[in-house]
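In what follows, a single structure is set out as structure tokens and then discussed.
Please treat every number below as a calculation from the coordinates, not as lab data. None of the values given here were measured: they were computed from a predicted structure. Counting neighbours? That spans all protein chains shown, and the Cβs are built from the backbone with ideal geometry, glycine included.
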Amino acid sequence: MLQWVKIAFRNVLRNKRRSFVTLFAIAIGFSSISLFNGYTDNTYEGLRQSAIQGEGLGHLTVFKKGWNEFGKLNPAQYLLTQAEVQKIAQLLKEDPSVVLVTPQLHGSGLVGNGVQSTIFIASGVVPDEDRLLRGEFATRRPIVGGTLQTDKPYAVEMAQDLARQLNLSPNGDGTIMASTFDGQMNALGIEIAGIYDTGTAATNDKYIRIPFSYAQELYDTDKADRVIVLLNHWQSTLPQKERIATLLSQNGLEVEIKTWNERSQFFVKVKGMFDMIFAFIFSIVLIIVLMSVANTMSMAVIERTREIGTLRALGLKQRGVSLMFALEGAMMGGLGCLVGVAITVAGCALIVAIGPTYTPPGSSSPIPLIVNLLPQAMARLTLFLMTLSLLAAILPARRAAKGNVVESLGHV
Amino acid sequence: MIEIKQVGNTYRLGETQVHALRGVNLTIQSGEFVSIWGPSGSGKTTLLNLIGAIDEPTRGDVLFDGQNIGHLSDNKRSELRNHTLGFIFQGFNLVPVLTALENVMLPLQIGGMSPHKARKVAEDRLADVKLEAVAHHRPDKLSGGQRQRVSIARALAGNPSVVIADEPTANLDSDTAMTIISLMHELNQKEQTTFVFSTHDDRLLGQVERLIRLEDGQIVEGGSNASVG
Ligand SMILES: Nc1ncnc2c1ncn2[C@@H]1O[C@H](COP(=O)(O)OP(=O)(O)O)[C@@H](O)[C@H]1O
Ligand SMILES: [Mg+2]
């Protein structure tokens, strides 16, 4: 086998210019896939973190069974009681992979500054636990003023466009109004603790964040509409979803569990778009690699017809001829990928050196362009492109191998 | 032993048919040093291709040690060529990316011999043709005579019982041609390997033990004299 590898290698070097062009085509294809892959990987990583921590979705969210289907119209019937919340917390806190269990209550209503009022959407969160849930995002979020405090239940955080519309600034006062779950109108005074940027224009004029206890007071309830579960690894999201669902139902709790990516529409949409682009790039590369290897190998096969005849006369079987060229094709694919790895690494280094930034759609501030280097994905891609090149080489080789030996020998 | 029985070969050239061989009968015993001699177009190449099991006759049978080549699968015929036949070509047909030594190793490695062992055998074969000095040169660094000696070493590498050479000297000057034929004869004597070679050059026939003359696809001389012995 080794000597055939050697022969294949020397044959690849035989027509240097042609092989170089082919290797380069494979390398460019390889690196465009790898760089895009690295970019999306980094983007997914960022989106995942901003969904789990930035949006505060946690890894898993426990709802009362039916909440997602009917809760919009009939919220009162699909809430988790205090006892249920406590039981969930108690059961899950025994699990070492669970970092945090925290209840939330979401709702909407009208917020006013004494003169005008407008719609708000509120998340009621337990201040200390929410800080834990958000981790580094809690400190990174641009805030004017302070954050939610346990000992100041009436102090809220307000999204920046909403605050601007209402002409409210930190320490300013306002009022929130909403109908309770019993249908009564309720109004509470608020103080602006701080102003924050949600990151998207669509929510920046609606969102407020209030302490959980104050939300309960506004809607006149002691219940919660969800319990957020934070795990120590995002990879354990799915297995833990299964496990926790079983655990809770075994303990008589009627709940449904959603994962962070099920809840983050944004993540799903972006991933869907990237997957489409990836499929597009991938098919182009596929065609380029297939065509250039097939073309190069067809030419090599034709040029070496007499050599094929000689080898057949010396006793090489048809299969042997095919394998010889297949090996050559695979080697071309492999070498092309090797060059591709070099280009990818150089590309990553260049991006790190330049540090370009861009503003993605729906985002309000530029973010750095980062491309992850993914050795495993590159190894898989190499294997795939090698197989592809091998197949592209085998087709013309088989034709030559089946040819008449005498005619091959007479070929000039 | 090679037996050619009532062999005819017809090529189609568009509308016309070319009868390259017509009713050829021939037996070659092992250890013979045979020359097939005839003018261009007389059918020498066609006959050698049949003996070399790289072509099949339109009519008649070619038997190799009693085995009808026409009845063998392509793979079996490849194995037969690899184990029992050696080829020397007019154009040398060395593999350009391989050194002289590697070219000689090639048929052995096609046969599945380990590189280590193949190298030893090939070195001995190169020594037989006195080319140890250029063992690691590629063909394009060798003279025509040297190339043909490499190809003789390659043909003999696997200890074949028959070596087939179609006009092995046609691309060589006459002095070199003489030495090549002498070398082949020497190896024939030493190893008792059958040699069948074709030529249209009658100056080379001095050392030939058996001459088969071909004309218009028919044997006109030397066909059956050795068929008994
Ligand atoms: N592939 C072929 N197609 C058609 N005619 C052929 C072919 N090969 C050989 N011939 C014809 O068959 C005859 C014998 O050819 P060949 O065996 O090559 O003779 P030689 O080797 O003695 O010159 C010639 O007339 C030649 O033109
Ligand atoms: Mg001829």
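Modelling each spin label as a point 7 Å along the Cα-to-Cβ direction, I'd like the A:Gln3/A:Phe181 distance in nm, to one decimal.
8.3 nm
Efficiency by 1/(1 + (r/R0)^6): what FRET value for B:Arg59 and B:Gln29, r their Cβ-Cβ distance, R0 = 35 Å, to the nearest 0.05? Each step should come with its number before you reach the end.
Details: r = 24 Å, r/R0 = 0.69.
In this case the efficiency is close to 0.90.
Just grab the label-to-label distance for A:Asp173 and A:Leu391, each label 7 Å out from Cα along the Cβ direction, in nm (one decimal).
7.4 nm
Please tell me which of these pairs span more than 20 angstrom C-alpha to C-alpha: A:Lys317/B:Lys5; A:Lys241/A:Lys269; A:Lys64/A:Lys223; B:Lys130/B:Lys190; A:Lys72/A:Lys206? It would help to have the intermediate numbers written out before the result.
Numbers: A:Lys317/B:Lys5 27 Å; A:Lys241/A:Lys269 22 Å; A:Lys64/A:Lys223 11 Å; B:Lys130/B:Lys190 15 Å; A:Lys72/A:Lys206 18 Å.
Checking Cα-Cα distances, A:Lys317/B:Lys5; A:Lys241/A:Lys269 exceed 20 Å.
Which residue, A:Thr357, A:Thr40, A:Thr61, has the most motion in a Gaussian network model of chain A that connects Cα atoms within less than 10 Å?
Comparing A:Thr357, A:Thr40, A:Thr61 in the GNM, the peak value goes to A:Thr357.
When the scattering of region A:1-74 is computed by the Debye formula from its Cα atoms alone, each counted once and equally, what is log10 I(q)/I(0) at q = 0.24, 0.26, 0.28 Å⁻¹?
-1.03, -1.08, -1.11
Give the calculated FRET efficiency between A:Met276 and A:Glu242 to the nearest 0.05, with a Förster radius of 41 Å applied to their Cβ-Cβ distance. Provide the component values of the computation, followed by the final result.
Numbers: r = 30 Å, r/R0 = 0.72.
With a Förster radius of 41 Å, E is 0.90.
Pick from B:Ala153, B:Ala170, B:Ala133 the residue whose mean-square fluctuation is largest in a GNM of chain B, springs joining Cα atoms under 10 Å.
Among B:Ala153, B:Ala170, B:Ala133, the largest mean-square fluctuation in the Gaussian network model of chain B belongs to B:Ala133.
Along the charge dipole of region A:202-246, which of A:Tyr214, A:Ile244, A:Ala224 sits closest to the positive end, that is, farthest toward it, with unit charges on the beta carbon of Lys, Arg, Asp and Glu (+1, +1, -1, -1)?
Farthest towards the positive end: A:Ile244.
With unit charges on the beta carbon (Lys/Arg positive, Asp/Glu negative), name the residue among A:Asn37, B:Asn171, B:Ile69 whose Cα is farthest towards the positive pole of the charge dipole of the protein assembly as shown.
My answer, from the dipole projection, is B:Asn171.
Going by how many other Cβ atoms sit within 10 Å of their own, how do A:Trp260, A:Trp67, A:Trp234 line up, fewest first? Display every interim value, and only then the final one.
Numbers: A:Trp260 25, A:Trp67 22, A:Trp234 16.
With the fewest neighbours first, A:Trp260, A:Trp67, A:Trp234 line up as A:Trp234, A:Trp67, A:Trp260.
Rg to Rh ratio, region A:59-258, alpha-carbon atoms and Kirkwood radius?
Ratio of gyration radius to Kirkwood radius: 0.98.
Counting alpha carbon pairs within less than 8 Å and at least 6 residues apart, what relative contact order, in whole percent, applies to region A:64-136? Provide the component values of the computation, followed by the final result.
On the way: 57 pairs, mean separation 14.4, N = 73.
Here the relative contact order equals 20 percent.
If packing is taken as the average count of other Cβ atoms within 10 Å, what order do A:377-384, A:280-287 fall into, highest mean first? Write out the running numbers ahead of the final one.
Working: A:377-384: 16.6, A:280-287: 14.2.
So the order, starting with the most tightly packed, is A:377-384, A:280-287.
Given all pairs of different Cα atoms, what value in angstroms does the Kirkwood hydrodynamic radius of region A:295-412 take?
Details: mean 1/r = 0.0584 Å⁻¹.
Computed over Cα pairs of region A:295-412, the Kirkwood hydrodynamic radius comes out at 17.1 Å.
Run lengths n ≥ 4 of DSSP H only: what is the helix-derived mean residue ellipticity at 222 nm for chain A, with -39500 (n - 2.57) per run over all residues, to the nearest 500?
Values: 16 runs with 227 residues, N = 412.
Counting only the DSSP helices, I get -18000 deg cm²/dmol.
By how many nm would the segment from B:Asn171 to B:Asp124 lengthen if fully extended, with 0.36 nm per residue of separation less the alpha-carbon distance? Working shown, then result.
On the way: separation 47, 0.36 × 47 = 16.92 nm, distance 2.59 nm.
Fully extending the segment from B:Asn171 to B:Asp124 adds 14.3 nm.
For chain A, what is the charge dipole size about the Cα centre, in debye to the nearest 20, if Lys and Arg each add +1 at the Cβ and Asp and Glu each add -1 at the Cβ? Could the numbers behind the result be given before it?
Details: 37 positive and 32 negative charges, 640 e Å.
Charge dipole, chain A, about its Cα centre: 3080 debye, nearest 20.
What is the gain in length, in nm to one decimal, between A:Ala353 and A:Ile367 on full extension, counting 0.36 nm per residue of separation less the C-alpha to C-alpha distance? Display every interim value, and only then the final one.
On the way: separation 14, 0.36 × 14 = 5.04 nm, distance 1.56 nm.
Stretched out fully, the A:Ala353 to A:Ile367 stretch lengthens by 3.5 nm.
Can you give the local net charge around A:Asn186? Use residues other than it whose beta-carbon is closer than 12 angstrom to its beta-carbon, Lys and Arg +1, Asp and Glu -1.
-3
If I take every Cα pair under 8 Å that is 6 or more residues apart in region A:119-273, average their sequence separation and divide by the length, what percent do I get for the relative contact order?
Values: 220 pairs, mean separation 40.7, N = 155.
About 26 percent, as a whole number.
Place +1 on the Cβ of every Lys and Arg and -1 on the Cβ of every Asp and Glu in the protein assembly as shown, take the dipole about the Cα centre, and give the residue among B:Val134, A:His59, A:Gly189 whose Cα lies farthest towards its positive end.
Positive-end residue among those listed: B:Val134.
Using only helices, what value at 222 nm comes out for chain B when you add -39,500 (n - 2.57) per DSSP H run of length 4 or more and divide by the total residues, to the nearest 500 deg cm²/dmol? List each step's numbers first, then the result.
Details: 6 runs with 76 residues, N = 229.
Calculated mean residue ellipticity at 222 nm is -10500 deg cm²/dmol.
Would you mind calculating the gained length between A:Asp197 and A:Leu290 on full extension (0.36 nm times residue separation, minus the Cα-Cα distance), in nm to one decimal? Intermediate results must be reported in sequence, preceding the final value.
Values: separation 93, 0.36 × 93 = 33.48 nm, distance 4.85 nm.
Stretched out fully, the A:Asp197 to A:Leu290 stretch lengthens by 28.6 nm.
Across peptide B:94-100, what mean number of C-beta atoms from other chains lies inside 10 Å of a residue's C-beta?
Details: counts 2, 8, 5, 11, 4, 0, 0.
Mean number of neighbouring Cβ atoms from other chains: 4.
Enter the Cα centre distance for the pair region A:252-316 and region A:32-84, rounded to the nearest angstrom.
Taking the Cα centre of each part, region A:252-316 and region A:32-84 sit 32 Å apart.
Fewest Cβ neighbours within 10 Å first, please rank A:Met332, A:Met177, A:Met276 accordingly.
Details: A:Met332 30, A:Met177 15, A:Met276 10.
Least to most surrounded, the residues fall as A:Met276, A:Met177, A:Met332.
Please average, across the residues of B:73-82, the number of beta carbons from any other chain that are within 10 Å of each residue's own beta carbon, and give a whole number. Working shown, then result.
Details: counts 0, 7, 4, 1, 4, 11, 2, 1, 6, 5.
Per-residue shielding by partner chains comes out at 4.
I'm checking a number: the convex hull volume of the Cα atoms of chain A, normalised per residue, in Å³. What is it? The partial results should precede the final answer.
On the way: hull volume 74.2 nm³, N = 412.
Measuring per residue, one finds 180 Å³ for the Cα hull of chain A.
Counting only DSSP beta bridges with both residues in the protein assembly as shown, what percent are antiparallel, rounded to the nearest 5? Spell out each step's value before the answer.
On the way: 60 of 88 bridges.
Roughly 70 percent of the beta bridges in the protein assembly as shown run antiparallel, per DSSP.
What relative contact order, as a whole-number percentage, does chain B give when Cα pairs under 8 Å and 6 or more residues apart are counted? Display every interim value, and only then the final one.
Values: 464 pairs, mean separation 71.1, N = 229.
Reported relative contact order: 31 percent.
When chain A is treated as a GNM, springs tying every alpha-carbon pair under 10 Å, which of A:Glu84, A:Glu256, A:Glu307 comes out with the largest mean-square fluctuation?
Among A:Glu84, A:Glu256, A:Glu307, the largest GNM mean-square fluctuation belongs to A:Glu307.
Provide the FRET efficiency to the nearest 0.05 for the B:Glu209-B:Asn68 pair, computing r from the beta carbons and using R0 = 30 Å. All intermediate terms of the calculation are to be shown ahead of the outcome.
Numbers: r = 27 Å, r/R0 = 0.91.
FRET efficiency, B:Glu209 to B:Asn68: 0.65.
Treating the beta-carbon of each Lys and Arg as +1 and of each Asp and Glu as -1, no other charges, what is the dipole magnitude of chain B about its Cα centre, to the nearest 20 debye? Provide the component values of the computation, followed by the final result.
Values: 22 positive and 27 negative charges, 104 e Å.
For chain B, the charge dipole is close to 500 debye.
Could you compute the net charge surrounding A:Leu218? Neighbours are other residues with a C-beta less than 14 Å from the C-beta of A:Leu218; K and R count +1, D and E count -1. Before the final figure, lay out the partial values.
Working: positive: A:Arg209, A:Lys223; negative: A:Asp182, A:Glu217, A:Asp220, A:Asp222, A:Asp225.
Computed value for this residue: -3.
Mind giving me the nanometre distance, one decimal, between the label points for A:Asn68 and A:Arg380, set 7 Å out from Cα along Cα→Cβ?
2.5 nm
What ranking of B:Ser35, B:Ser143 emerges when the number of other C-beta atoms within 10 Å of each C-beta is taken as an exposure proxy, fewest first?
Values: B:Ser35 23, B:Ser143 11.
Ordered from fewest to most neighbouring Cβ atoms within 10 Å, B:Ser35, B:Ser143 come out as B:Ser143, B:Ser35.
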